[in-house]
Amino acid sequence: MANFAGRPSAWYRSGGLSAVVFVLPLLLVFLYFSWGPIVRGLVLSFQKNNLVTTPEWVGMANFSYVLTDPQLPQAAMNTLYFALLALIFGFPVPLFLAVFISELRSTGWLYNVFSYLPAVVPPVAAILLWKFFYDPSSAGVFNTILGWIGIDPLPWLNSSTLAMPAIVLEATWAGAGATSIIYLAALTGVRTELYEAAELDGAGIWSRVWHVTLPQIRGIILIMMLLQLIGTFQVFTEPFLFTGGGPDNATTTILLLIYRYAFINGDFGAATALSVLLAIVLCVLSVVYHLLTRRWSTT
Amino acid sequence: MTRSSARSFAAFTTTAALLTLTACADDSGPAAGGSIDQNAPVTITIGDRPTPDKPADVAAFDRNVKAFMEKHQNITVKSTETKWDAQTFQAQVAGGSLPTVMNISFTEPQNMIPNKQLPDITEELKLVDLTKDLNPETLKIVQDGEGRIYGVPIDVFSVGLAYNRALFTQAGLDPDKPPTTWDEVRAYAKQIKEKTGKAGYAQLTKDNTGGWMLTTMTYSMGGTVQSTDGKKSTFNDAPTKKALQLLKDMRWTDDTMGTNFLYNQEEIRQDFAAGKIGMVLQAPDAYDMTVKNFGMKPTDYGHGALPQDGGPHGTLSGGSIKMINPKATKNEIVAALKWIKSQEFDKYTSEALAVENAKNSIADKGFVGRPGISPLSQETYDQYNKWREPYANVPVKQFQGYIDSTKSLKLLPEPSNKAQEVYALLDPVVQQVLTKQDADIDKLLTDAATKIDARLGR
């Protein structure tokens, strides 16, 4: 390609200006809608602002307010707890599903459809359905099933110890299909010769999965784990619709707290301050994660 | 789990977009500008338009709009389905997306007035001749220290006890004699549980309603929740403790409260209508939803007074206010008030209109005659009810306990400062008492008081 540096007329003649004109609206739209809110949020976090009266600059007051809110430690612990549960239970499920489906030759598509189906159910509908499953009376769907094997009805969402695992269960069900599709796509990239070679060496199915499949898709696994971590730190829909953060704040997450600041208290300063803090934590988490996993990453 | 992150992302983007949009909006406070010209063409937007799943209500609403516009040629009325919800209202205010007129709860004005989120409409009210009709006690809800008025109270309710008459009969209780003390409630709940296996009594606990109903119970035990100036919480004392202890006993000692302890208004009404609950604290408007939306038999619905302990101490009252957008011009305010007067007040003073409204309600499968409390003087209200009596399709006799209580029980207003925040912080207290057998009531209330005092002082 020719070097136009220092020759503006040549740059102009070759269509350089029209390229700029072409890209400019896109760039502006991107800046305004993608970065505008972030900058605006940052500004808000330093203001006392109900978005009606004139905003007042308050410095770090919002940050000290949210950091000293007695509800914050519990919300943070709940969020970590959700992330941990989701990692232990939610993370292996889609991976297992994907490997399982990829091993099936003729009926794979059917299992694929079944596993992906929950992903197309709108979250609100899914949660309503699961609320029905979690009905704490002995007539509830899950409690009826437990009754068959002689277990007393469980209070599910009505118990501060069971509520969070119950939410994670639904979230896993809802999210597994979509994630396993991504794993499946990654699995198609694994060269079949590797399996054939492994088979020739006498490797069984488990050994093939362990020595061929997983190492081949570890790049995707690492990325999905990071995405999941970021996602679970921002969990909102499930606790909001299932329990409203209860019972006794057992499912109040950071995002629910942010929501309450903003939309119940009308305190947008506090809400954005906590959002900014959460964003910082997630940035740090991503960097640390990247550094820790660099050694294993395929890229 | 990617879907979860996608959803959170979507939620964040929406919030961010909202914030960006408001960034473009005018940041200045309310300033009703210009002089008043009652004949100038003006357009106002009305909230609370019924949703399309209620075609009869939509038809009635449209009919009213048309009639109003024919009478007031210079006023154009547009409508939206925007309606008040504690969970989203502040976002609507902040988003600047409010219609010119909409209904809001009694809990809002005392925070919105100092925040300049409501316009001063004192002069305009005189202009449309509305002030003199209003009940001065109710009017206090929308006034500041100097007596300036910032909204129009239209609907007043007080909390009572909704009960299922069929379950009462099955349990061998007299459906015409609902309990009037908390001791009776406890005994009746036991009997209902024993004879029918259903929950004798259930409690609202979620989406701020837990705190709301704990406040109601506190009032009924002779307590308060907030100091008169709204600067400090006052619930950390005997009455609230007694209320929580009662719930704890009914839940853990008697086991008469069923199995679900995460209820919001709609969910509890659904289970009540389905006959799973014997008694529940509700305002009488619960009748509309339980019968119309959830198919409860009108003959099964009963409504008694708010049970008292000692006393009588009183009952929590609340209601709806017509708020006007703080960005409305003076002409829009006047037009909005004319609309409010024609829709909410003319019926009280015109027999023809009262009767016509009743007939329309019946034709639209609505309700006529459900008891309530007057936003005007009691005489006006009694007269109005008399006009409508022949058309009543609500079993008024089944509300007798409640009706009597509206004359005997004092109406106590909701907390004046940050009521919804206080309610939100009290939700987990009630939830813990109902879900943890070893819940320490004293500690719960002390902790809640610390949290709430920090908020009240902010």
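The values are calculated or read from the model by the stated rules, or taken from the named source; none is laboratory data. The structure displayed is predicted, hence computed values, not measured ones. Here the Cβ is made from the backbone with ideal geometry for all residues, glycine too, and neighbour counts use every protein chain on show. The accessibility values were calculated without ligands, DNA or RNA, using every heavy atom of the protein model including side chains. Shrake-Rupley method; radii C 1.70, N 1.55, O 1.52, S 1.80 Å.
Gaussian network model of chain A, Cα springs within a sub-10 Å range: biggest mean-square fluctuation belongs to which of A:Leu31, A:Leu87, A:Leu129? In the Gaussian network model the winner is A:Leu31. This model, with +1 at the C-beta of Lys and Arg and -1 at the C-beta of Asp and Glu, gives chain B a dipole about its Cα centre of some 640 debye.
For the set B:Asp53, B:Asp144, the ranking by accessible area, highest first and with no ligand, DNA or RNA atoms included, is B:Asp53, B:Asp144 under a 1.4 Å probe. Rounded to the nearest 20, the size of the Cβ-charge dipole of region A:115-221 about its Cα centre is 220 debye, with Lys and Arg at +1 and Asp and Glu at -1.
With unit charges on the beta carbons (Lys and Arg positive, Asp and Glu negative) and the dipole taken about the Cα centre of chain B, which residue among B:Gly319, B:Ile362, B:Asn111 sits farthest to the positive side? The Cα lying farthest towards the positive end belongs to B:Ile362.
Of the residues A:Phe100, B:Phe294, B:Phe106, the one with the largest accessible area comes first in the ranking A:Phe100, B:Phe294, B:Phe106, computed with a 1.4 Å probe on protein heavy atoms.
Ordered from highest to lowest accessible area with the whole protein assembly present and a 1.4 Å probe, B:Leu411, A:Leu72 read as B:Leu411, A:Leu72. Among the listed pairs B:Lys126/B:Lys418; B:Lys193/B:Lys436; B:Lys140/B:Lys418; B:Lys322/B:Lys365, give every one whose C-alpha distance is greater than 19 Å. Checking Cα-Cα distances, B:Lys126/B:Lys418; B:Lys193/B:Lys436; B:Lys322/B:Lys365 exceed 19 Å. The alpha carbon gyration tensor of region B:28-185 gives principal lengths a ≥ b ≥ c with a/c of 1.5 or higher and a/b greater than b/c, which makes the shape prolate.
Counting heavy atoms of the protein chains alone, B:Met213 has an accessible area of about 0 Å² for a 1.4 Å probe. Net length available on complete extension from B:Asp255 to B:Glu184 is 24.0 nm, with 0.36 nm assigned per residue and the Cα-Cα distance removed. Mind checking which helices in chain A clear 27 Å along their axis (Cα) and have mean Kyte-Doolittle hydropathy of 1.6 or more, DSSP H runs only? Once both thresholds are applied, what remains is A:268-293. Shape class of the protein assembly as shown from the Cα gyration tensor (axes a ≥ b ≥ c, square roots of the eigenvalues): oblate, since a/c reaches 1.5 or more and a/b does not exceed b/c.
Computed from the C-beta positions of A:Thr161 and A:Ser9 and an R0 of 56 Å, the FRET efficiency is 0.15 to the nearest 0.05. For B:Lys198, give me every one of the lysines with a C-alpha distance below 19 angstrom, ignoring sequence neighbours fewer than eight places off in its own chain. The qualifying lysines are B:Lys190, B:Lys248, B:Lys276, B:Lys297.
Counting only lysines at least 8 places from B:Lys359 when in the same chain, those with an alpha carbon closer than 17 Å to its own are B:Lys347, B:Lys386. A:Ile181 contributes about 60 Å² of solvent-accessible surface, heavy atoms of the protein only, 1.4 Å probe. In chain A, the DSSP-assigned H stretches of four residues or longer account for a calculated mean residue ellipticity at 222 nm of -19500 deg cm²/dmol, using -39500 (n - 2.57) per stretch and the full residue count as denominator.
Principal-axis analysis of the Cα atoms of chain B puts helix B:330-340 at an angle of about 50° to the longest axis. Across chain A, the convex hull enclosing all Cα atoms gives 241 Å³ per residue.
Only Cα sites of region B:205-322 enter the Debye sum here, all with the same form factor; the resulting log10 I(q)/I(0) across q = 0.10 1/Å is -0.34, listed in q order.
For chain B, the longest principal axis of the C-alpha atoms and the axis of helix B:419-435 are separated by about 20°. For region B:118-233, a simple Cβ point-charge model (Lys and Arg +1, Asp and Glu -1, everything else neutral) yields a dipole of about 820 debye relative to the Cα centre. Would you please classify the overall shape of region B:402-458 from the alpha carbon gyration tensor, given that a ≥ b ≥ c denote the square roots of the eigenvalues, rounded means a/c under 1.5, and beyond that prolate means a/b larger than b/c while oblate covers the rest? It is oblate, given that a/c is not under 1.5 and a/b is not larger than b/c. In plain terms, the chain from A:Val29 to A:Leu214 could stretch by 62.5 nm, reckoned as 0.36 nm per residue minus the Cα-Cα distance. Relative to the longest principal axis of the Cα atoms of chain B, helix B:55-71 runs at roughly 30 degrees. Taking the accessible area of region B:307-458, probe 1.4 Å, and keeping the other protein chains in place, the carbon and sulfur fraction comes to 49%. With a simple spin-label model that places each label point 7 Å from the Cα along the Cα-to-Cβ direction, the separation between B:Lys297 and A:Met225 comes to 6.1 nm. In this structure, A:Thr68 and A:Ala139 have a Cβ-Cβ separation that, at R0 = 60 Å, corresponds to a calculated FRET efficiency of about 0.85.
Charge tally for B:Gly366 (other residues, Cβ to Cβ under 11 Å; Lys, Arg +1; Asp, Glu -1): +2. For the options A:Met164, A:Met60, A:Met224, a Gaussian network treatment of chain A with springs between C-alpha atoms closer than 10 Å singles out A:Met60 as fluctuating the most.
What chain A shows is 53 Å² of accessible area per residue, with the surface traced by a 1.4 Å probe over protein heavy atoms.
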